[in-house]
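Report on one structure; see the data block that follows.
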Amino acid sequence: MDAFDKNGKCTLWNKECEKVFGWSIQEINNAKDPMALFYSKKEESQEAFEELYNADDYIFREWRPLTRSGKQIISMWAIIPLKNGDNIGIGYDITEQRKAETKVIERTKQLEEATNKLAKLNNSLEERVKIEVEKNKQQQKMMIQQSRHAQMGEILSMIAHQWRHPLNNLSLIIQNAVYKYSINKLDYSAISKLDIESSVQIRQMSNTIKEFRNFFLPDNISVKYDINRSIVDAISIAKPMLEAENIYVKIETQNNIFVVGFPTELGQAIVNILTNSKDALVEKNISNKSVKLSLALVDNNVNIIIEDNGGGVPLEILEKIFDPYFSTKMEKKGTGLGLYMTKLIVEDHMHGKLSVSNSDNGFIVKIVIPHDR
């Protein structure tokens, strides 16, 4: 995390920034052109400076700065401009993630080739088939984790939205303290008030991080859980992302419907589907954007239906929508893993069924999970 004032002075440079980039806050502020530390080409440093200080709203994009050793890293940053002209940045190093994405693609191609070879083997090679199946299971686990990493950008954006209000409040609290100091009224009472008010805001930010951390921790043990609770938690995680795009969410659920499985993975699947609907609604510039989620118990199966009003999906795309690495968002760097991993979670891990279709208004995703198995 870092912060710069409207004059380009660094006012916050946490330990992680110092560890990753190698410079201290003093060295940055002593530099004639701080941006030149991170970008060797003048036009790059000028572009970075102008984008940071000319933004009317928060920025979320990929940057490729240099470290002190000259190594280039790939990072995602959410830059939040404050009312006083300063800005606060929340960053995440995705260098290893980009490398992992390349390895996953290469490994998947290798697995596809291996699968074709296995089809030609005779029945006497049963042991070798078992080995390859196990490798495939491990690959699927890795792809699930990779899918979560690919969502880190969305997660940072969600956190940035939830932090915006307390960060503005902290800015006002600090400005008030500085003003009282300037008129010699920063007494013990004012300091105590500052401590209490700032602690409330910081606690709120800390709780936000804790909620996201708990939601994205992988499940290791299958348990009996209330499916309605998992749906509510998933919508709570996705809520800032949806509200930012003025998307209305209608929920129709039933209480006391329990299933056995992995609640976090179900929540992850629902967030994937909501993210997909959000992207479609925004891309098509739909007015009165909405998503409806309903939960019902039908013939001893739990049915979860998520429908948006985005106008549906063309048939040629609908037929490929669950293919790994298939994406209609390549220019936006879509990974093509979201719905593929969602289907994998529902059908392989939860023994359910995931299907898609078009309605008169939009796109429907239906999850069917056995209620009693």
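The length gained on full extension between E47 and Q138, counted as 0.36 nm times the residue separation minus their Cα-Cα distance, comes to 28.5 nm. Between I25 and Y248, the distance separating the two model label sites (each 7 Å from Cα on the Cα→Cβ line) works out to 4.6 nm. For K41, the lysines whose Cα falls under 29 Å of its own Cα, not counting residues fewer than eight places away in the same chain, are K6, K9, K15, K19, K32, K71, K99, K332, K333.
Length, then width, then depth: along the principal axes, the Cα atoms of segment 1-144 run 73, 32, 28 Å. Model label sites at D226 and D187, defined 7 Å from Cα along the beta-carbon direction, differ in position by 5.0 nm.
Label-to-label distance, T67 versus D348, with points set 7 angstrom from Cα along the beta-carbon direction: 3.3 nm. Counting charges near L194 (Lys, Arg +1; Asp, Glu -1) among other residues having Cβ under 13 Å from its Cβ returns a value of 0.
Annotation: lysines with alpha-carbon distance below 16 angstrom to K117 (same-chain offsets under eight excluded): K109, K130, K135.
Multiplying the residue separation of N255 and Q175 by 0.36 nm and subtracting their alpha-carbon distance yields 24.1 nm.
Note on M1 and E283: the extension gain reaches 98.5 nm, defined as 0.36 nm multiplied by sequence separation minus the Cα-Cα distance. Over segment 168-299, accessible surface divided per residue gives 57 Å², non-protein components excluded, 1.4 Å probe.
Measuring nothing but protein heavy atoms, the accessible surface of segment 163-322 at 1.4 Å probe radius is 52 percent carbon and sulfur. Pairs of lysines in segment 164-298 whose Cα atoms sit within less than 21 Å of one another amount to 15, provided the residues are eight or more positions apart or on different chains.
The values are calculated or read from the model by the stated rules, or taken from the named source; none is laboratory data. Remember, predicted model here, so these are calculated numbers, not experimental data. No Cβ is skipped: glycine too gets one built from the backbone with ideal geometry, and neighbour counts run over all protein chains shown. Just the protein is used for accessible areas: all its heavy atoms, side chains included, with ligands, DNA and RNA removed. Shrake-Rupley method; radii C 1.70, N 1.55, O 1.52, S 1.80 Å.
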